[in-house]
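The values are calculated or read from the model by the stated rules, or taken from the named source; none is laboratory data. Keep in mind it's a predicted model, so treat the numbers as computed, not measured. So basically every Cβ, Gly included, is an ideal-geometry build from the backbone, and we count neighbours across all protein chains shown.
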Amino acid sequence: MSIELEFVTIRLVKSTELQYDYSVDTLSNGPSRKKTLVMGILNLTPNSFSDGGLYFGDLANAVARVEQMIDEGADIIDIGGESTRPGSVQISPGEELKRIIPIIDALSNKFGNKVVLSVDTYKSTVAYKAIQAGAEMINSLGGFTFDNTLADVVAAFNCQNASHLFSAGV
């Protein structure tokens, strides 16, 4: 059995002060990168599978966790406001926005250009407001297939999409 991973090129441009390039054609050809980016995950759900809801409704604790992730080397912070664990209940865009906009505002104010903010959503209305608030990347569950206007929002803002960073074939 062999596994071949194919990567796409990701170009993140946050400002003239902070710019990342990452590109890999295939692992068999060898990596060609300037910097490997590290993404820290911040779940703002009451039933997170990874942290048990530690940061749900606790802005100060969430900001402190992001500061810790940045200190540990995170270049991107991916903010999730809706649980996608098996059996989870879908929430409204309004509820998702109530969870993520305060942290986007707080992180933008505290860290400025120090980190790229990503939002894990498949809803175009959430993506639109998150980008307006300061998010620069959309991590879309389903890769634009759950909301057919999400791609339009990402394109309108010239935003990055991290839904498919690689594909694997066995």
Task: Selection status of Ala106, modelled with pLDDT of 90 or more and out of contact with any Lys or Arg (no Cβ under 8 Å at 6 or more places or on another chain) - done: yes
Open item on the list: Taking the conditions exactly as written (on the phi < 0 side of the Ramachandran plot, outside any helix (DSSP H, G or I) and crowded, with 20+ Cβ neighbours inside 10 Å), does Ile103 satisfy them or not?
Closed with: no
Open item on the list: Could you go through region 42-58 and let me know if any residue there is in a loop (DSSP other than H, G, I, E, B), of a type in the set (Asp, Glu) and at pLDDT below 80.
Closed with: yes
Open item on the list: Quick test of your reading of the structure: Val126 fulfils all but one of (1) of a type in the set (A, V, I, L, M); (2) over 11 Å from the mean Cα position of the chain (by Cα); (3) more than 20 Å from Arg85 (Cβ to Cβ); (4) buried (at least 17 other Cβ atoms within 10 Å of the Cβ). Name the failing condition by number.
Closed with: (3)
Open item on the list: Which count do you get for residues in region 66-100 that are in contact (Cβ under 8 Å) with a residue 24 or more places away in the chain, part of a loop (DSSP other than H, G, I, E, B) and closer than 20 Å to Thr125 by Cα?
Closed with: 4
TODO: Return a yes/no flag: does region 9-25 have any residue that is touching a helix residue (DSSP H, G or I) at 6+ places or on another chain (Cβ under 9 Å) and either at pLDDT 85 or above or surrounded by 12 or more Cβ atoms within 10 Å (Cβ to Cβ) (or both).
DONE: yes
Open item on the list: Residue pairs, Cβ under 7 Å, 6 or more apart or interchain, first in region 142-170 and under 18 Å from Glu82 (Cβ atoms), second in a loop (DSSP other than H, G, I, E, B) and at pLDDT 85 or above. List them.
Closed with: Gly142/Tyr122; Phe146/Tyr122; Asp147/Tyr122; Asp147/Lys123; Leu150/Tyr122; Leu150/Ser140; Asn161/Ser140; Ser163/Ser140
Task: Hey, Ser140 hydroxyl-bearing (Ser, Thr, Tyr) and in contact with a Phe, Trp or Tyr (Cβ under 8 Å, 6 or more places away or on another chain) or not - done: yes
